[in-house]
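Enquirer: Here's a structure for you.
The values are calculated or read from the model by the stated rules, or taken from the named source; none is laboratory data. Given the structure is predicted, the values throughout are model-derived calculations rather than measurements. Reconstructed Cβ throughout: ideal geometry from the backbone, glycine too, with neighbour counts over all protein chains shown.
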Amino acid sequence: MELFSAIKDKNKTVGVYTNAYYWGEIFGSSKACVKAGEALLWYAHYDNKPNFSDFKAFGGWTKPYMKQYAQNIKVCTANTDLNWR
């Protein structure tokens, strides 16, 4: 977690964008690397529900900071993702 410490030393906020599936793929288990829970979590789950009711703890996070809940939503002429906090 040296990277997190270096970022915090610059008075910046640390955040991670992932979900339990990819966390497990990268680290071998969704329960791995619990120190990452010190960072804010922005997770993706495209269920079209702007709430955290679907969240299950992983990687040291017990609650999320933000959720990306929809993708490829047309806004004017651009596709965008929708997030909830």
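Enquirer: All but one of (1) of a type in the set (Phe, Trp, Tyr); (2) farther than 17 Å from ARG85 by Cβ; (3) assigned to a loop (DSSP other than H, G, I, E, B) hold for TYR46; state the number of the condition that does not hold.
Expert: Every condition holds for TYR46 apart from (2).
Enquirer: Would the stretch 62-79 turn up any residue that is surrounded by 11 or more Cβ atoms within 10 Å (Cβ to Cβ), touching a helix residue (DSSP H, G or I) at 6+ places or on another chain (Cβ under 8 Å) and of a type outside the set (Val, Ile, Thr)? Quick ask: steps written out before the conclusion?
Expert: Kept after step one, since they are surrounded by 11 or more Cβ atoms within 10 Å (Cβ to Cβ), are these residues of the stretch 62-79: 64-71, 73.
Subset that is touching a helix residue (DSSP H, G or I) at 6+ places or on another chain (Cβ under 8 Å): none.
No, that holds for no residue.
Enquirer: Can you tell me which of (1) surrounded by 14 or more Cβ atoms within 10 Å (Cβ to Cβ); (2) not in a strand (DSSP E or B) is the one SER53 doesn't meet?
Expert: (1)
Enquirer: Still on this structure, please answer the following. Going by the conditions given, is GLY24 under 12 Å from the mean Cα position of the chain (by Cα) and not basic (Lys, Arg)?
Expert: Details: under 12 Å from the mean Cα position of the chain (by Cα): no; not basic (Lys, Arg): yes.
Criteria not met by GLY24.
Enquirer: Another question, if that's okay. Name the single residue, out of those in the stretch 27-74 being more than 20 Å from LYS8 (Cβ to Cβ) and of a type in the set (Asp, Glu), that is nearest to the chain's Cα centre (by Cα).
Expert: Here is the first cut: in the stretch 27-74, the residues more than 20 Å from LYS8 (Cβ to Cβ) are 27-32, 43-58, 67-74.
Then drop every residue that is not of a type in the set (Asp, Glu), which leaves 47, 54.
Values: ASP47: 15, ASP54: 13 Å.
Top of the filtered list is ASP54.
Enquirer: Test GLY37 against the criterion of being surrounded by 10 or more Cβ atoms within 10 Å (Cβ to Cβ), in contact with a strand residue (DSSP E or B) (Cβ under 6 Å, 6 or more places away or on another chain) and not in a strand (DSSP E or B), and give yes or no. Talk me through it step by step, then tell me what you get.
Expert: Details: surrounded by 10 or more Cβ atoms within 10 Å (Cβ to Cβ): yes; in contact with a strand residue (DSSP E or B) (Cβ under 6 Å, 6 or more places away or on another chain): yes; not in a strand (DSSP E or B): yes.
So GLY37 fits the description; yes.
Enquirer: Still on this model: Residue pairs, Cβ under 6 Å, 6 or more apart or interchain, first in the stretch 69-80 and in contact (Cβ under 8 Å) with a residue 24 or more places away in the chain, second assigned to a strand (DSSP E or B) and not aromatic (Phe, Trp, Tyr). List them.
Expert: These pairs meet every condition: TYR69/LEU82; ALA70/LEU82; GLN71/ASP81.
Enquirer: Related question: Sort through ASN72, ASN48 and tell me the only one that's at pLDDT 95 or above, in contact with a strand residue (DSSP E or B) (Cβ under 8 Å, 6 or more places away or on another chain) and not small (Gly, Ala, Ser). So that I can check it myself, show each step before the final result.
Expert: On the way: ASN72 fails: at pLDDT 95 or above.
It is ASN48.
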